[in-house]
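Colleague: Have a look at the structure that comes next, please.
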């Protein structure tokens with residue numbers, strides 16, 4: 001049977017589709033445009049403590065999720081967030097936490113637990129990864145019935161996936177009401193009211209993100225020292241499609257993609273050392289509306 | 001014809017033409033590796049493009065004594081697995097019936113059904129071995145896991161496929 005399966009697998013491999021010409025052209029254009037002359041960097045020897053510090057910071061966030069709730073609220077906020085949110089607003093009786101998912105580097109996970117054994121876990125991810133999820137409005141509605149209840153909606157630039165777990169399959173009404181109210185305290189970043197970009201705005205966005213980064217970076221602040229960035233705007237953005245899927249083409253066309261490199265981490269991991277943000281100019285100034293990776 | 005190493009050296013100096021040649025040379029297989037893992041064109045496009053974008057910004061780290069394609073495939077598959085994982089629901093109870101279908105059906109429908117039940121890691125191993133003709137040591141290098149892990153993933157994937165096909169008696 002295994003020989004037969006292997007034969008069928010090999011046969012199937014001959015029928016795999018090819019990439020579409022249009023997709024290939026787009027990818028090629030972006031890839032080629034990303035080539036820059038490389039300056040040789042001096043090798044950096046970074047202690048594992050850097051990685052441990054990052055991991056430890058995430059661990060603290062996750063520890064909150066697993067503590068089963070306590071009467072005294074505990075608020076742990078890693079600045080994985082953008083200019084606002086995501087996460088839960090503090091409320092009496094609820095312990096909340098928010099942390100970056102270390103697997104992805106861009107997915108944010110938030111939890112809220114209380115003394116009744118109710119746990120609400122919310123996962124926030126760029127809408128472009130989950131195309132087709134219907135748009136929703138806050139507050140999200142808690143579904144009826146069951147110990148585990150889930151709701152998924154595209155809100156702002158984000159797909160938010162919420163799971164509410166009760167201690168029992170038939171929780172008392174008061175427990176359900178408390179969960180519903182906590183769900184109402186969920187904060188999801190909004191798409192920006194982006195203004196048209198002028199020629200100099202690409203550079204301005206890059207400068208803004210580099211200024212903004214140290215106070216919003218989720219790892220050790222020393223890792224952002226010496227950060228460099230490149231920026232492109234509108235349809236020239238390598239991730240224009242993602243931006244358009246998240247917040248619509250008009251916002252994407254008025255956004256700047258800022259690709260940041262953290263030189264201190266380049267020797268450790270590409271995924272840790274390369275960050276991508278979407279920024280837009282609004283009436284209140286520049287805003288970073290999404291971390292794309 | 002210039003070797004990959006020659007083109008990487010030129011690209012390091014900023015030659016977009018050289019990187020374009022590398023793209024043309026490796027894009028189809030890198031894309032297929034991503035598609036085999038995700039089963040979706042859009043995700044495969046994202047993952048494969050990401051591999052080349054990352055490669056473009058990390059050429060200085062590439063070891064010229066090694067082949068380029070496994071490096072690109074590794075980035076693409078890691079990204080593809082991340083994208084597939086990202087589709088998973090937060091609540092694990094909901095994952096039991098999750099399947100990974102292909103955008104474009106394979107002619108062997110029963111095999112496709114069985115493949116759709118494999119997780120992305122096992123599908124990646126199947127794709128690398130049977131569709132891209134990588135040996136198991138090469139797969140271990142591409143995925144950055146021990147050879148034993150590759151062998152066990154491959155064995156378990158084949159076992160799952162066999163069980164599913166036997167259950168359907170086809």
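Colleague: Using Cβ contacts closer than 10 Å as the measure, can you line up A:281, A:235 from fewest to most?
Modeller: A:235, A:281
Colleague: Over the C-alpha atoms of the range A:98-223, what are the Rg and the largest Cα-to-Cα span, Dmax, in Å?
Modeller: My reading of the Cα-based Rg and Dmax gives 18.1, 59 Å.
Colleague: Say R0 is 30 Å: what FRET efficiency, to the nearest 0.05, do residue B:9 and residue B:135 get from their beta-carbon distance?
Modeller: The pair residue B:9/residue B:135 has a calculated efficiency of 0.60.
Colleague: Kindly provide the helix-only [θ] at 222 nm of chain B, computed as the sum of -39,500 (n - 2.57) over DSSP H runs of four or more divided by all residues, to the nearest 500 deg cm²/dmol?
Modeller: -21000 deg cm²/dmol
Colleague: Taking 2.2 N^0.38 Å as the expected size of a compact globular protein, what ratio does the Cα radius of gyration of the range A:132-205 give against it, to two decimals?
Modeller: 1.58
Colleague: With viscosity set to 0.692 mPa s and temperature to 37 °C, compute the Stokes-Einstein D of the range B:34-76, Rh being the Kirkwood radius across alpha carbon pairs; µm²/s, no decimals.
Modeller: D, rounded to a whole number, is 305 µm²/s.
Colleague: Shielding by partners for B:53-65, please: the mean number of other protein chain Cβ atoms within 10 Å of each residue's Cβ.
Modeller: Per residue, the number of nearby Cβ atoms from other chains is 5 on average.
Colleague: Principal axes first, then extents: for the Cα atoms of the range B:4-167, list largest minus smallest coordinate on each axis, whole Å, largest first.
Modeller: Here the spans come out as 56, 32, 29 Å, largest first.
Colleague: How crowded by other chains is B:70-83, given as the mean number of beta carbons from other chains within 10 Å of each beta carbon? Before the final figure, lay out each step's value.
Modeller: Values: counts 0, 0, 0, 0, 0, 2, 0, 0, 2, 2, 0, 1, 9, 2.
The shielding value for this peptide is 1.
Colleague: When only alpha-carbon atoms count, how far does the range A:158-293 stretch along each of its three principal axes, as whole angstroms with the largest first?
Modeller: Rounded to whole Å, the extents work out to 58, 37, 25 Å.
Colleague: Regarding the range A:146-188, what whole-number volume in Å³ per residue does the convex hull of its Cα atoms give?
Modeller: Dividing the Cα hull volume of the range A:146-188 by its residue count gives 58 Å³.
Colleague: I need to check one value: relative contact order of the range A:193-291, counting alpha carbon pairs closer than 8 Å and at least 6 residues apart, in percent.
Modeller: Worked out over the range A:193-291, it gives 30 percent.
Colleague: When chain B is modelled as a GNM with alpha-carbon springs shorter than 10 Å, which of B:80, B:127, B:33 fluctuates the most?
Modeller: Looking only at B:80, B:127, B:33, the biggest GNM fluctuation is shown by B:127.
Colleague: Still on this structure: Restricting to Cα pairs below 8 Å that are 6+ residues apart, what does the relative contact order work out to for the range A:147-188? Please round to a whole percent.
Modeller: 38
Since every read-out is calculated from the coordinates, none of them should be taken as a lab result. Treat the numbers as computed from the prediction; the structure is a model and nothing was measured. Reconstructed Cβ throughout: ideal geometry from the backbone, glycine too, with neighbour counts over all protein chains shown.
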